[in-house]
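Below: one structure, written as structure tokens.
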Amino acid sequence: SQIRDICSHYHLAYIALVSPVTDSERAAAITQHAQGFVYYVCRAGVTGGRSDMPDHFAANVAQLKQLTQCPVVAGFGIASRAQANLACAHADGFVVGSAFVDAIARGVSSAELTQIANDIDPRGDFT
């Protein structure tokens, strides 16, 4: 595809995205060309923190892992340590976006952003 060619030209990994509404045939085609990692958009709809993880999360991540050699990283709606723990129990990593975007929009300091990362990420301290 054109996007993969552009990524290759600039020495960037092509990060494939798969969502809960992606059927298995399409997911196989998408992950075939993935580089770096596969981003599992773990819920349909818009991004933003949620209080839970979708019911289908673990099963969908397991299916994706069978389709690719790349790590599977989950995102979309992950904004708490509990969600990050659940994501790490099934996926190879997680992405937090909206919590940081919202904090930056509020004008928080870099120290406060680091604290947000420490509050959410169960893997360690980033100070």
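Taken together, the values in this text are just the output of simple stated rules run on the coordinates, not laboratory data. Just so it is clear, the model here is predicted, and its values are computed rather than measured. No Cβ is skipped: glycine too gets one built from the backbone with ideal geometry, and neighbour counts run over all protein chains shown.
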Relative contact order computed over the chain (Cα-Cα under 8 Å; 6+ residues apart), in percent:
20
For 100-112, 31-43, ranked highest to lowest by mean beta-carbon neighbours within 10 Å, the order is 31-43, 100-112
What's the ranking of 17-25, 85-93 by average number of surrounding C-beta atoms within 10 Å, highest first?
85-93, 17-25
